[in-house]
Structure formats: C-alpha cells, structure tokens
Amino acid sequence: MRTNRLLWAAAGVVVVLLLAGGVVLALRGGSDEPPPAAEPGAVPSALPTSASPAPSPGADITGPLDLLILGVDTRVSIPDWQPHSDAIMLLHVDAGLERGYLYSLPRDLRVDVPAFAKNGYGGGRHKLTEAMSDGAKVRGTDKPNVAQGYELLARTISKYTGIKEFDAGAVLTFNGLSKLTDALGGVTLKIDQKVVSQHRRPDGTARTLRSGGGGYVGPQATYLPGTRELVGWQAIDYARQRYTAGGDYTRQRHQRQLVKALLTKAEDAGLATDQAKLQSVLTALGDTLVFSGERTPIEYAYALRNLAPGKLTMVGLPGGAVYSGGGYIGEQLNATGRGFLRAVANGDPAAYLAKHPELVHK
C-alpha cells in the first residue's frame, strides 16, 4: 500500500514514527495486556459477548515501509531565506514491521532534480539540499512553503534511490527537536569524537554572526568524547555540526545516533503506560504537528509498535567529494553505498549488509 503522505512536524516524526507503540497505547488509554483474572468464586459482572473488538487503527498497514525524515534549517530571522535540508535520513522498515534500517544521504549529494510545475522550477543537476529550497519557492512571494519543498525533495530522492514512493515523511526544525529532547528529560549520548560548535556558546546562547558574514565569533560550546547527558539545545547543537573531523559524514552519523537515543529514552520513560508523561511530551510540542493524508500519525505509530531500539540498524553510506574546474561542487556515494540503496529499493537490505558489514555502525 503506497500512498504519498506528508507528515510535517517539528520533531513530531520521533513521536509518531519512531516512538511507535507506546504512543498509541497511551493516547488510547488502553493496553495490550489481558484484564486481571477474577478471584475464585467471583460472579462475572456481565456475560461475555460474541462481538469481536474493532481492530486498532493502523492494524491494516503492512510492510515494507519507507519513511523520509528531514531536518531543515529555516533561519526564520532572515525574511527571504529559503529552507535547506541539512539532515536527510531514511528509514526502511521490513515486511514484518519489526526491524528497521536508518541511513542518511549527504546534504551536498550531486543529484538530478526534476522539474517542478507547481512553481515553474525547471530542474537541473544540483546539491540534494537545494531541492528543498527550490521546491519551497512560491511565485509572487518570498515566504517559503516547506510542504512544497518536501514534495520536490522527496521526488528527487525517489529518482536517485529507486524507491518508488515514501509511505510517510517528516520535516523537523532544530527548535522542535530540542523541545522534544527536553520534554523527555534530556538524552544520553555516547560522544565518539571531539566536536566544537559553530553556533552556540558554552552557556547555550547563540554565537554572534561575524560582521559581513563568513561565520561566527565568540566562545564555543565543546563536546568531548564519553557518555554524556545532554539537554535539548546541547543534543541538537552536537548533532548539527559538520565543520569537524569527517565533515558531513560524521554529522550524519551523529544525527542517527541522536534519533536512536531519543527512541531509547522514550522507551525507558515508559510512554506506553504513563499517560501523564506522554501528555507532557505532546504539550511541549504544541502546534508543531501538522498531518496531511488519509492515514493518521497514530495509525503509523500502531503499525510500528514492535520496532524497538534494539531492532534499528544504523547504516553509514560512504562517499567522497566531487570537484569541477578545481572547485568543490558536492558529494557522491561510492559503489558500495549506491549498492545499499539498490538493495533497499529491491527490499533486501539485510542480505546486502551481511556482505558489507562495514556499513553498519555498532
């Protein structure tokens, strides 16, 4: 069942698509556990009925599923800024909806962006991140349409990967994901290398934009290797840095680590059984969740109720820089990375990873 859905959310994707079953049960106030047994000699309060309970919404959703998760730099302080997608993650869930593969595409990946009739964009070969900004442009105004940008970016990724269509997708802003992290009480991350922030001071305030552009000035927040407890702004700041050893490929790895850590934190928090705790998470997100389509977020959450953190494989796709005329023009995946994309499109990533275990991040 392939329908083109847009789940537009500031961090809502983690709640809806990745926190899985706990969200559904808490929202419905129910449980999959059977009722307690009656005491010996007790009289039943009512005779059993022959009517079968209605199936839970989303019970008919079948796999495999392909989901698109985008982190967007909106720069709302700049009036005419068009959104760029700085984080591009894809989640493939197998036919049984119990195992998933989370992988990333470089923001600067050189791709063929198709023409887009909605705003007259003619298409061309560009960086993948630019598909979001080119699609988000609206004729006659400088105000971007993020949902429209998502549509062109999703089409571009489908064309590049061979995935015919995404079952659901999400656009996340850094602020929304930070709010979600704080609502969960912070997150535990195993920092794997020293990262120095381009954007934040040690106290969390924004660094000052250099006069005339070209970077920032002032003291920098620094994240040292080791297991750390991070609050929302720290977790997002750490995961968004690409001017560090390994560049954007390192940033992709850190973003996947954060998603998995949030999933683990939500599972540990017991959202499935603590309705008040779940409500605090949803309240923190406010009106940042907008859904369009025939199926609801809750239906997808129910469908993915068995996708636990331990069943989520994180995959890194290797690549390198592309130059033209002596200048940098973007990135390209190598043959092994492109082979994984073909395996996903053909529905068999597990067999490919068995032959290429170096792609799996432990």
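Looking across the range 155-185, the residues that are in a helix (DSSP H, G or I) and in contact with a strand residue (DSSP E or B) (Cβ under 6 Å, 6 or more places away or on another chain) come down to Thr156, Tyr160, Thr181.
Can you tell me which residues in the range 222-240 are crowded, with 21+ Cβ neighbours inside 10 Å and either β-branched (Val, Ile, Thr) or part of a loop (DSSP other than H, G, I, E, B) (or both)? Passing the criteria: only Ile236. Just one of (1) buried (at least 24 other Cβ atoms within 10 Å of the Cβ); (2) at positive phi fails for Gly149. It is (2).
Quick one: which strands (runs of 3 or more DSSP E) sit completely within the range 259-362 and have at least 1 residues that are modelled with pLDDT under 80? So the answer is 289-292.
When Asp203 is tested against (1) more than 23 Å from Pro106 (Cα to Cα); (2) in contact with a Leu (Cβ under 8 Å, 6 or more places away or on another chain); (3) charged (D, E, K, R), exactly one condition is not met: (2).
Phe166 is checked against (1) exposed (fewer than 13 other Cβ atoms within 10 Å of the Cβ); (2) under 25 Å from Val93 (Cα atoms) and fails just one. What number does that condition carry? So the condition that Phe166 fails would be (1). Take the range 181-209 and flag every residue that is out of contact with any Phe, Trp or Tyr (no Cβ under 9 Å at 6 or more places or on another chain) and within 14 Å of Leu263 (Cα to Cα). Residues satisfying the conditions are Ala183, Leu184, Gly185, Gly186, Val187, Thr188.
Scanning the range 210-221 for residues that are within 22 Å of Val72 (Cα to Cα) and assigned to a loop (DSSP other than H, G, I, E, B) returns Gly213, Gly214, Gly215, Ala221. Selection within the range 106-125: residues that are without any contact (Cβ under 8 Å) to a residue 60 or more places away in the chain and not in a loop (DSSP other than H, G, I, E, B). The member of this set that is nearest to Arg155 (Cα to Cα) is Val113. Restricting the range 186-209 to residues that are among the small types (Gly, Ala, Ser) and in a loop (DSSP other than H, G, I, E, B), the residue that is surrounded by the most Cβ atoms within 10 Å (Cβ to Cβ) is Ser197. Being among the hydrophobic types (A, V, I, L, M, F, W, C), in contact (Cβ under 8 Å) with a residue 12 or more places away in the chain, farther than 26 Å from Gly319 by Cβ and surrounded by 16 or more Cβ atoms within 10 Å (Cβ to Cβ) is a property that holds for Leu180. If you go through the range 215-229 and keep only what is closer than 12 Å to Ser197 by Cβ and either among the charged types (D, E, K, R) or touching a helix residue (DSSP H, G or I) at 6+ places or on another chain (Cβ under 8 Å) (or both), you end up with Ala221, Tyr223.
The values are calculated or read from the model by the stated rules, or taken from the named source; none is laboratory data. These numbers come from a predicted model, not from an experiment. So basically every Cβ, Gly included, is an ideal-geometry build from the backbone, and we count neighbours across all protein chains shown.
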